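A.B. asks: Can you read through this structure? Questions will come right after.
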Ligand code: SR1
Ligand code: MG
């Protein structure tokens, strides 16, 4: 890795002069910079993101900042994270082809990735808030989670390659540290940067005084840091998915690391559930139950696609050292029960992660627009309370939730609960 000593932050005004000599750029959008239109559109918590539009093509230019954008330069963050994001994109493209943007150019020193502009895709979270359905979403996401989980693990990879990759990604220290504190720890005490809707005070006090719950969450954190089953996206929420009415792509894997196979699908489920619980703040009774039903069906179908694809890969691509055919098929014995067992273990982790993610988005620093955009806190707070209560149930009773229908039925029950 190069040292980021000559790093210079891009701006709308400097982008043309900075990019005009890069072949990967000019071969796509030409050399006449007077025809380039540049907009900064980054609305995430960490980076600069520019759209550079020219008559024949448009590019996305993403540059890491040396600090957390959401907080400011009081929270420095290493630029080397762009290196890991690029490495993660390369692996995701190999493991789940066609689901991530094509990369055109990477510059480590400038922490810069230039990639495909997805059009007419928009951030999925916006669609969920607007009540728009996305066809094929569950299939894309279920297959993405299954393919990246399976193909990044020693079910598929050669052990030496996988261990080398774990070693490589273990150099990315600061980004997992954000997840370790903001997701797993800060929600459960009065951490400095936390904030929450004032009406939730009583519920939050109960959550933070529940030692059984904190014990469970810390146990999951121990797994998150020690278990390197596969390369996870690491931040698979609805702001990391871009969709049209029938196509979805996955972006922004800068939180990638080796971790539990259930991490991504668990975090994704939490974000679908938060979209579900927040719906009464976004639409009238007339189309509420239809849209909420679609979200729950999406969760269920995402898992169905995940299971089907994982089983398919198990039967066709099990080339790693785990559960080798020599122990099963070559002996004339089925490995189907072993696969079911692995899937049960993934579901258990996913359920716990799901509950924890549901908590952190209303208790910790980085909230989501699903709830935050409901301005009237007397409407927002009871919906967030349902989300918090279900999150606690998921964390405390993960092992009793044996299938995804139990989880969606539970969501319907909490969706009518009054907790304030
Ligand atoms: C300080 S970063 C806060 C959050 O933004 C990212 O998208 C991750 O979700 C992280 O936890
Ligand atoms: Mg992000």
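Rule-based calculations on the coordinates, nothing more; no lab input. None of these values were measured; they are calculated from a predicted model. Cβ coordinates were reconstructed from backbone atoms using ideal geometry, including for glycine residues, and neighbour counts include every protein chain displayed.
A.B. asks: Quick check, is residue 148 more than 16 Å from ligand 2 (Cβ to nearest atom), closer than 18 Å to residue 235 by Cα and in contact with a strand residue (DSSP E or B) (Cβ under 9 Å, 6 or more places away or on another chain)?
C.D. replies: Values: more than 16 Å from ligand 2 (Cβ to nearest atom): yes; closer than 18 Å to residue 235 by Cα: yes; in contact with a strand residue (DSSP E or B) (Cβ under 9 Å, 6 or more places away or on another chain): yes.
Spelling it out, residue 148 is indeed more than 16 Å from ligand 2 (Cβ to nearest atom), closer than 18 Å to residue 235 by Cα and in contact with a strand residue (DSSP E or B) (Cβ under 9 Å, 6 or more places away or on another chain).
A.B. asks: Now for a different question. Quick one: residue 43 ticks every box in (1) surrounded by 14 or more Cβ atoms within 10 Å (Cβ to Cβ); (2) within 16 Å of ligand 2 (Cβ to nearest atom) except a single one, so which number is it?
C.D. replies: (1) is the only condition that residue 43 fails.
A.B. asks: Still on this structure, I have one more. Tell me the helices (runs of 4 or more DSSP H) entirely within region 119-175 that contain at least 2 residues that are under 20 Å from the mean Cα position of the chain (by Cα) and more than 29 Å from residue 286 (Cβ to Cβ).
C.D. replies: Values: elements: 124-130, 137-151, 159-169.
So the answer is 137-151, 159-169.
A.B. asks: Quick one: count up the residues across region 21-45 that are in contact with a helix residue (DSSP H, G or I) (Cβ under 8 Å, 6 or more places away or on another chain) and within 16 Å of ligand 1 (Cβ to nearest atom).
C.D. replies: So the answer is 1.
A.B. asks: From the list 166, 183, 173, which residue is surrounded by fewer than 12 Cβ atoms within 10 Å (Cβ to Cβ) and closer than 21 Å to residue 264 by Cβ? Before you say what the answer is, go through the steps one by one.
C.D. replies: Details: 166 fails: surrounded by fewer than 12 Cβ atoms within 10 Å (Cβ to Cβ); 183 fails: surrounded by fewer than 12 Cβ atoms within 10 Å (Cβ to Cβ).
Matching residue, one of 166, 183, 173: 173.
A.B. asks: Among 291, 276, which is the only one that is more than 14 Å from ligand 1 (Cβ to nearest atom) and buried (at least 24 other Cβ atoms within 10 Å of the Cβ)? Spell out how you get there, then give the answer.
C.D. replies: Working: 291 fails: buried (at least 24 other Cβ atoms within 10 Å of the Cβ).
After ruling out the rest, the residue left standing is 276.
A.B. asks: Given the conditions (1) under 22 Å from residue 249 (Cβ atoms); (2) within 16 Å of ligand 2 (Cβ to nearest atom); (3) in contact with a helix residue (DSSP H, G or I) (Cβ under 9 Å, 6 or more places away or on another chain), and given that residue 104 satisfies all but one, which numbered condition is not satisfied?
C.D. replies: (2)
A.B. asks: Name the single residue, out of those in region 208-260 being part of a helix (DSSP H, G or I) and within 16 Å of ligand 1 (Cβ to nearest atom), that is nearest to residue 274 (Cα to Cα).
C.D. replies: So the first thing to find is which residues in region 208-260 are part of a helix (DSSP H, G or I), and the list is 208, 211-226, 238-240.
With within 16 Å of ligand 1 (Cβ to nearest atom) added as a condition, the list becomes 217, 220-221, 224-225, 238-240.
Working: 217: 19, 220: 21, 221: 21, 224: 22, 225: 25, 238: 10, 239: 12, 240: 15 Å.
This residue is 238.
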